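Here the structure is laid out as structure tokens; the discussion comes afterwards.
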Amino acid sequence: MKLQKASAAAATALVIALTATACGGDSGDDSSGGDGGGKITIGIKFDQPGIGLQKPDGTYAGFDVDVATYVAKELGYDAKNIVWKKAPSAERENLIANGDVKLVVASYTINDERKKKVDFAGPYLLAHQDLLVRADDGSITKAEDLNSKKLCSVTGSTSAQNIHDTLAPKADLQEYAGYSECLTGLENKAVDALTTDDSILAGYAAQPELKGKFKLVGLKLSDEPYGIGLKKGDTELKTKVNDALKKMVSDGSWEKAVKANFGPADYKNEPAPQIAD
């Protein structure tokens, strides 16, 4: 009898220990999440103002952050229970495949190559490659005007190369380490234009300290449908995320988030795209 009691006590202690371990990891997901008590890990950009930015006080802001927070709430997770994880462009597929994140909401363009590795919900925003120029510069109204001008983009980006190869072969390409350096160069007239997705450009231009200094040319040099990346084959989660996105559009929250994050740059956004079933 004493042996049975000891075994029962040991088993109870083991259950308690395992439960405590499961509840203690703040980077893990509780996919039930129905009561808002679980955790969900979402990958975002940490360095893109207007899209996904880690602020000095440790909080996060941007359109992707607003979208992710709304979707998480519809999935049953309170904002306080979102674990934000940095999702550099080159790591997004790995983060999903390895289970490090449940979702990636990080200016993540849907394309056929990526769909071989991950599934996408959405799209939730249709962006286009564009140009950012100084507000007082009227000399650049089309891509061809970049011939013999200095065009900036970040190292490794294909955006500037696309323009150079197809539209402005005489453009002087300038590669900087980051968009912030390109903006400084643009402000100081070291370069004449910056190119990447218009949503990213608008996010930078909408920063209070830069308001009124730059303008988007308004070109549509490519289509960039942003989607929410998730594990391949998880059709149940994909359906739930799509339903959340549809609700965000229908109740006005999507439009509100667009205006809040991009409005100061006078960003002419596309209407909310048709969300796939």
Practice task
Confirm whether L201 is surrounded by 19 or more Cβ atoms within 10 Å (Cβ to Cβ), under 24 Å from the mean Cα position of the chain (by Cα) and in a strand (DSSP E or B).
Solution key: no
Practice task
Could you please find all residues in segment 87-107 being more than 25 Å from L210 (Cα to Cα) and open to solvent by less than 40 Å² (accessible area, probe 1.4 Å)?
Solution key: A87, R92, E93, L95, I96, V101, L103, V104, V105
Handout entry: Single condition R114 does not satisfy, out of (1) touching a residue at least 60 places away in the same chain (Cβ under 8 Å); (2) surrounded by fewer than 18 Cβ atoms within 10 Å (Cβ to Cβ); (3) in a loop (DSSP other than H, G, I, E, B)
Key = (3)
Exercise for the section: Taking D30 as the residue in question, decide whether it is at pLDDT 50 or above and not in a helix (DSSP H, G or I). Expected result: yes
Practice task
Determine which member of the set K73, K80 is basic (K, R), open to solvent by 50 Å² or more (accessible area, probe 1.4 Å), more than 24 Å from N242 (Cβ to Cβ) and in a helix (DSSP H, G or I).
Solution key: K80
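Give segment 86-121 a look and list any residue that's basic (K, R) and under 11 Å from I44 (Cα atoms), or say none.
Those that are basic (K, R) and under 11 Å from I44 (Cα atoms): K86, R92.
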Problem - Positions within segment 131-140 being touching a Gly at 6+ places or on another chain (Cβ under 9 Å) and either at pLDDT below 95 or surrounded by fewer than 24 Cβ atoms within 10 Å (Cβ to Cβ) (or both), in sequence order - result: A135
Practice task
Name every residue in segment 142-196 that is surrounded by 14 or more Cβ atoms within 10 Å (Cβ to Cβ) and in a loop (DSSP other than H, G, I, E, B), in order of residue number.
Solution key: N147, K149, S157, L167, A168, A171, A190, V191, D192
Fill in the blank from the handout: Residue hits (segment 219-276; touching a helix residue (DSSP H, G or I) at 6+ places or on another chain (Cβ under 8 Å), among the small types (G, A, S) and either assigned to a strand (DSSP E or B) or open to solvent by 80 Å² or more (accessible area, probe 1.4 Å) (or both)) are G229
Fill in the blank from the handout: The number of residues in segment 205-257 that are farther than 23 Å from D136 by Cβ and either β-branched (V, I, T) or free of Cβ contacts under 8 Å to residues at least 60 places away in the same chain (or both) is 12
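The values are calculated or read from the model by the stated rules, or taken from the named source; none is laboratory data. Just so you know, these numbers come straight off a predicted model, no measurement behind them. Neighbour counts are summed over all protein chains in view; Cβ atoms, including those assigned to glycine, are modelled from backbone coordinates with ideal geometry. These area figures cover heavy atoms from the full protein model, side chains too; ligands, DNA and RNA do not enter into them. Shrake-Rupley method; radii C 1.70, N 1.55, O 1.52, S 1.80 Å.
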